[in-house]
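Down below is the structure, laid out as structure tokens.
The values are calculated or read from the model by the stated rules, or taken from the named source; none is laboratory data. Every value quoted in this text rests on a predicted model; they were computed, and no experiment measured them. Methodologically, a virtual Cβ is constructed for each residue, glycine included, from the backbone with ideal geometry; neighbour enumeration extends over all protein chains shown.
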Amino acid sequence: MFWGFDSKIYKYKYSAHIQMVFIRVKNRVYNGKSSDYAYLVENKWSKYGPRQKVKKYLGKIYKFDFVEDINFEAVDGSYKKLLSSLFENELKRNGFVLKNNVYVCEDCSADLNNLKVLNIKGKNIVLQLNAGFVCEYSLNELFNLKFNEGEDFKKEFAKKLVLSGLDVKPEVFVELYKKLIVK
């Protein structure tokens, strides 16, 4: 299973080569117990076809089911403030509660101030929410995003939001995009 995050087009002498980064989910069995793990995979296109390389281990995947429907209310402020409130809302919808500025559910914690997602042992983990994954990598991708003009950037931005586990309504996307421009 692949989830795309980033794509860059590199132009060589005669053709364009696309380099993409995905989150790959692998199932591993250890002591008779099956678990899913996430890896950051780089996909390079060469004249011989696609070549893939694991760039980073992201952590064990913890899956959460939708618990309650919470209406999202837009927050005045910066891009990062609105993005934080989107993640907070999504975490609350999936059963997380705020304790000491960290969202906690079962053995998992999400620290939106330090952009960390950890288990009880302090290891990096990945939260599977909606159609995407919340992890240190996806949080850093969105919170440290640099604005770029053009339609391709808008599409990449929307894709990153969805692949980070956020369920963003069109009017909220527009507001977030406007705040990113000002950022």
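Can you tell me how many residues within segment 29-49 are in a strand (DSSP E or B) and closer than 28 Å to residue 129 by Cβ? Don't jump to the end; show me each part of the working.
Step one: of segment 29-49, the residues in a strand (DSSP E or B) are 29-30, 33-46, 49.
From what's left, closer than 28 Å to residue 129 by Cβ: 29-30, 33-43.
So the answer is 13.
What pairs come out if I take residues in segment 66-81 that are under 19 Å from residue 145 (Cα atoms) and pair them with residues that are of a type in the set (Val, Ile, Thr) and in a loop (DSSP other than H, G, I, E, B) whose C-beta lies under 6 Å away, six or more apart or interchain?
Matching pairs, first to second residue: 81/75.
So that you can scan it fast, the table gives a plain yes or no per residue for (1) over 27 Å from residue 180 (Cα atoms); (2) surrounded by 11 or more Cβ atoms within 10 Å (Cβ to Cβ); (3) at pLDDT 80 or above; (4) in contact with a His (Cβ under 6 Å, 6 or more places away or on another chain):
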{"residue": "5", "(1), (2), (3), (4)": "no, yes, no, no"}
{"residue": "13", "(1), (2), (3), (4)": "yes, no, no, no"}
{"residue": "40", "(1), (2), (3), (4)": "no, yes, yes, no"}
{"residue": "49", "(1), (2), (3), (4)": "yes, no, yes, no"}
{"residue": "60", "(1), (2), (3), (4)": "yes, yes, yes, no"}
{"residue": "74", "(1), (2), (3), (4)": "no, yes, no, no"}
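Which of the numbered conditions does residue 123 fail, given that it passes all the others? Conditions: (1) modelled with pLDDT of 95 or more; (2) touching a Leu at 6+ places or on another chain (Cβ under 9 Å).
Exception for residue 123: condition (2).
Does residue 103 meet the test of being loosely packed, with under 10 Cβ neighbours inside 10 Å, free of Cβ contacts under 8 Å to residues at least 24 places away in the same chain and closer than 25 Å to residue 123 by Cα?
Numbers: loosely packed, with under 10 Cβ neighbours inside 10 Å: no; free of Cβ contacts under 8 Å to residues at least 24 places away in the same chain: yes; closer than 25 Å to residue 123 by Cα: yes.
When the stated conditions are applied, residue 103 does not pass them.
Taking residue 90, is it under 18 Å from residue 171 (Cβ atoms) and in the same structural domain as residue 174 (by TED's automatic domain parsing)? Quick ask: steps written out before the conclusion?
On the way: under 18 Å from residue 171 (Cβ atoms): yes; in the same structural domain as residue 174 (by TED's automatic domain parsing): yes.
Yes.
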